[in-house]
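Remarks on the structure that follows.
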Amino acid sequence: MDTQFLVSLSLILITFALYIGIAIFNKARQTSDFYVAGRGVPPIFNGMAIGADWMSAASFIGMAGTIMLLGYDGLAYIMGWTGGYLLLTFLLAPQLRKSGRYTVPEFIGDRFDSHTARVIAAICTIIISFTYSIGQLSGSGVVIGRLLEVDAKIGTLIGVVLIAFYAAFGGMKGITWTQVAQYIVLIIAYLIPVIFMSLQLSNNPLPWLSYGQIVAELGELDRQLGVSEYFAPFENGTKWQFLALMFTLMAGTAGLPHVIVRFYTVSTMKAARWSGAWALLFIGLLYLSAPAYAAFSRFILMKNVAGQPIDQLPAWTTTWINTGKLTIADNNGDGILQWSELMIANDIVVMATPEIANLGAFVIGLVAAGAMAAALSTAGGLMIAISSSFAHDIYYRVLRPNSTDSNRLLVGRITIVAATVLAGIVALDPPGAITQIVAWAFALASGTFFPALLLGVWWKRANAPGVISGMLVGLIVTLTYIFTAKYGGFTILGIIDTGAGVFGAAAAILTIIIVSLSTKAPSQKIQDEVADLRYPEQMTYKDGEVWMNK
């Protein structure tokens, strides 16, 4: 075994032991612990947990690689994912926390006084979270596959076992505190390589200031190699696709059930708002660094790898070729690796760059540990969302309302294991790149939950027939567009499958408005409760007026 392998394995095992220890120490012993961590998480730590939940394998592993390959067009991911948090923090999170529910389907079922709406929302949660989790398990396969120098599929199976264990054991309480630790690991693991590369390339330790110089040099390299310029807009898609993707990710962020439930774990509306503010700060550290990471990676590959004799390539190329994520071919037979002959999957850029830049065994191992933290933290949150939708919203609220706490916890844990195994099977042969799969989950959330929650909180007239019709129409339109765009080549204005949410959201909002206005209005009691959600907790809406609670 080489030194790098031992260092990487040691760091990953140490962090795994930390996560499992935290999960055991904070084991969920009652229903409120399992679903909402007892509603006692301080805002700053909840912000860290949200950050870890949010910065999935798509953010940690896939985003910098996507920006490296797409250039300017990849910025839609950063703008959409960051902007969506502002929508969620100001438009929905405090109001949903004030409702006092455990899950998004529970809020929708009670807000519209409809079991049908609750069940449809639970099914949508399962579909969205399942799709998202495929990307996370695929990401864990990339990391473990590289570490053990085995096929990424074997790495995925190992990830399934790890996630199923600690998510089922700790519930939301265990996962919350595990995610705090995972955030600290992943942000350190992400920032150290990009700071070292900045020093290496520009003698400046602040990558956020130095990468503009590197981008300018990349433009010259692009022209020399005859490839599309890195910073030229809309080279890899239309302007409409850029805008549609940005909207899909923003609206999807505001409607993602596994993210929204994190705001249920704090004690008050004020704490929910502060959680969002802290989360934005913690997320910004990674998102502001991703473009620099992408620029540095592309620059190093162009300068140090492209143009080299194929029989003299560095050792890291062989280990990545073994994972199936890197392909090198001497198409013109000249023995020299051209830029066009280097096929690197965007999913491995962050993992491979520390090796490419010779940053040392410790940094390479640290990045591997950070990538696993990102994949595990989000996958754990997703499995809790799937579990709570089935065990709480369908099993308890609809099928077995008299079930005991212990029964509900058992069903919740069995659901986590089953969902993790099924998602792992699909992730063995993923239908797309990590960021693409995750974008589909956001498209589904923007076509179903975003319209239902937005109008459910801010329009008293929205009723059960409207939201039921809206969620179904949004789900069908989004799924149809994803499949026809990806497999049938059908697009509108050049908008591909990752921008499908714009059509789903528009169709759902129109449907909810039209059907609600065409059917009976909700009861006055429900309308008053909806109006009451919009005010701070010390204020109550009564008889058309705002009252200060004593």
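Among the residues of the stretch 491-500, is there at least one that is under 18 Å from Ala121 (Cα atoms), surrounded by 23 or more Cβ atoms within 10 Å (Cβ to Cβ) and touching a Ser or Thr at 6+ places or on another chain (Cβ under 9 Å)?
No.
Select from the stretch 462-476 the residues that are closer than 25 Å to Pro430 by Cβ, free of Cβ contacts under 8 Å to residues at least 60 places away in the same chain and in contact with a Ser or Thr (Cβ under 9 Å, 6 or more places away or on another chain) and list them in ascending order.
Matches in the stretch 462-476: Gly474 only.
Output the qualifying pairs, or none if there are none: Cβ atoms under 9 angstrom, residues six or more apart or on different chains, first residue in the stretch 407-424 and in a helix (DSSP H, G or I), second residue surrounded by fewer than 20 Cβ atoms within 10 Å (Cβ to Cβ) and among the basic types (Lys, Arg).
Asn407/Arg400; Arg408/Arg400; Leu409/Arg29; Val411/Arg400
Exactly one condition in (1) surrounded by fewer than 14 Cβ atoms within 10 Å (Cβ to Cβ); (2) more than 22 Å from Ser138 (Cα to Cα); (3) of a type in the set (Ser, Thr, Tyr) is not met by Ser289; state its number.
Among (1) surrounded by fewer than 14 Cβ atoms within 10 Å (Cβ to Cβ); (2) more than 22 Å from Ser138 (Cα to Cα); (3) of a type in the set (Ser, Thr, Tyr), the lone unmet condition for Ser289 is (1).
Do we find that Ala306 is in contact (Cβ under 8 Å) with a residue 24 or more places away in the chain and part of a loop (DSSP other than H, G, I, E, B) in this structure?
Yes: the conditions hold for Ala306.
Do we have any residue at all in the stretch 396-404 that's more than 26 Å from Gly84 (Cβ to Cβ), more than 27 Å from the chain's Cα centre (by Cα), part of a helix (DSSP H, G or I) and modelled with pLDDT of 80 or more?
No - not one qualifying residue is present in the stretch 396-404.
Please find, within the stretch 439-456, the residue that is surrounded by the fewest Cβ atoms within 10 Å (Cβ to Cβ) out of those that are within 13 Å of the chain's Cα centre (by Cα) and not aliphatic (A, V, I, L, M).
Trp440
Enumerate the pairs (first residue in the stretch 173-198 and more than 16 Å from Met372 (Cα to Cα); second residue anywhere and assigned to a helix (DSSP H, G or I) and of a type in the set (D, E, K, R)) with beta-carbon separation below 7 Å, excluding pairs fewer than 6 apart on the same chain, so at least 6 apart or on different chains.
Lys173/Asp33
Which one is nearest to Gly380 (Cα to Cα), of the residues in the stretch 397-421 that are hydroxyl-bearing (Ser, Thr, Tyr) and in contact with a helix residue (DSSP H, G or I) (Cβ under 9 Å, 6 or more places away or on another chain)?
Looking at residues that are hydroxyl-bearing (Ser, Thr, Tyr) and in contact with a helix residue (DSSP H, G or I) (Cβ under 9 Å, 6 or more places away or on another chain), I get Thr420.
For the stretch 191-206, which positions are assigned to a helix (DSSP H, G or I) and either in contact with a Pro (Cβ under 8 Å, 6 or more places away or on another chain) or farther than 14 Å from Leu11 by Cβ (or both)?
Leu191, Pro193, Val194, Ile195, Phe196, Met197, Ser198, Leu199, Gln200, Leu201, Ser202
Condition first: surrounded by 24 or more Cβ atoms within 10 Å (Cβ to Cβ), among the charged types (D, E, K, R) and either under 24 Å from Pro257 (Cα atoms) or modelled with pLDDT of 70 or more (or both). Now tell me which residues in the stretch 131-178 satisfy that.
Within the stretch 131-178, just Lys173 meets the criteria.
Let me confirm something: among Ala277, Ala315, which residue is free of Cβ contacts under 8 Å to residues at least 12 places away in the same chain and surrounded by fewer than 21 Cβ atoms within 10 Å (Cβ to Cβ)?
Testing whether each residue is free of Cβ contacts under 8 Å to residues at least 12 places away in the same chain and surrounded by fewer than 21 Cβ atoms within 10 Å (Cβ to Cβ) leaves just Ala315.
Which condition from (1) surrounded by fewer than 21 Cβ atoms within 10 Å (Cβ to Cβ); (2) hydrophobic (A, V, I, L, M, F, W, C); (3) at pLDDT below 85 is the one that Phe263 breaks?
Evaluating Phe263 over (1) surrounded by fewer than 21 Cβ atoms within 10 Å (Cβ to Cβ); (2) hydrophobic (A, V, I, L, M, F, W, C); (3) at pLDDT below 85 leaves (1) as the failure.
All but one of (1) touching a residue at least 40 places away in the same chain (Cβ under 8 Å); (2) in a loop (DSSP other than H, G, I, E, B) hold for Gln241, so report the exception by its number.
(2)
Is it the case that some residue within the stretch 327-335 is more than 30 Å from the chain's Cα centre (by Cα) and either touching a residue at least 24 places away in the same chain (Cβ under 8 Å) or closer than 17 Å to Pro193 by Cα (or both)?
Taking every residue of the stretch 327-335 in turn, at least one turns out to be more than 30 Å from the chain's Cα centre (by Cα) and either touching a residue at least 24 places away in the same chain (Cβ under 8 Å) or closer than 17 Å to Pro193 by Cα (or both).
Suppose we filter Gly470, Gly456 for residues that are in contact with a Lys or Arg (Cβ under 7 Å, 6 or more places away or on another chain) and more than 26 Å from Met63 (Cβ to Cβ); which single one remains?
Unique residue meeting the criteria: Gly456.
Here is a check on your reading of the model: is Gly74 assigned to a helix (DSSP H, G or I), at pLDDT 80 or above and within 30 Å of Ile364 (Cβ to Cβ)?
Criteria met by Gly74.
crowded, with 20+ Cβ neighbours inside 10 Å and either touching a residue at least 40 places away in the same chain (Cβ under 8 Å) or part of a helix (DSSP H, G or I) (or both): which single residue out of Gly252, Gly284 fits that description?
Testing whether each residue is crowded, with 20+ Cβ neighbours inside 10 Å and either touching a residue at least 40 places away in the same chain (Cβ under 8 Å) or part of a helix (DSSP H, G or I) (or both) leaves just Gly252.
Within the stretch 360-371, is even one residue loosely packed, with under 15 Cβ neighbours inside 10 Å, on the phi > 0 side of the Ramachandran plot, of a type outside the set (Val, Ile, Thr) and at pLDDT 75 or above?
The answer is no; no qualifying residue exists.
Restricting the search to the stretch 224-258, which residues are at pLDDT 70 or above and of a type in the set (A, V, I, L, M)?
Passing the criteria: Leu243, Ala244, Leu245, Met246, Leu249, Met250, Ala251, Ala254, Leu256.
Which count do you get for residues in the stretch 108-130 that are more than 22 Å from the chain's Cα centre (by Cα), among the aromatic types (Phe, Trp, Tyr) and either at pLDDT below 85 or assigned to a helix (DSSP H, G or I) (or both)?
Summing the residues that are more than 22 Å from the chain's Cα centre (by Cα), among the aromatic types (Phe, Trp, Tyr) and either at pLDDT below 85 or assigned to a helix (DSSP H, G or I) (or both) in the stretch 108-130 gives 0.
The values are calculated or read from the model by the stated rules, or taken from the named source; none is laboratory data. All values reported here derive from a predicted model rather than from experimental measurement. We place every Cβ from the backbone using ideal geometry, glycine too, and count neighbours over all the protein chains shown.
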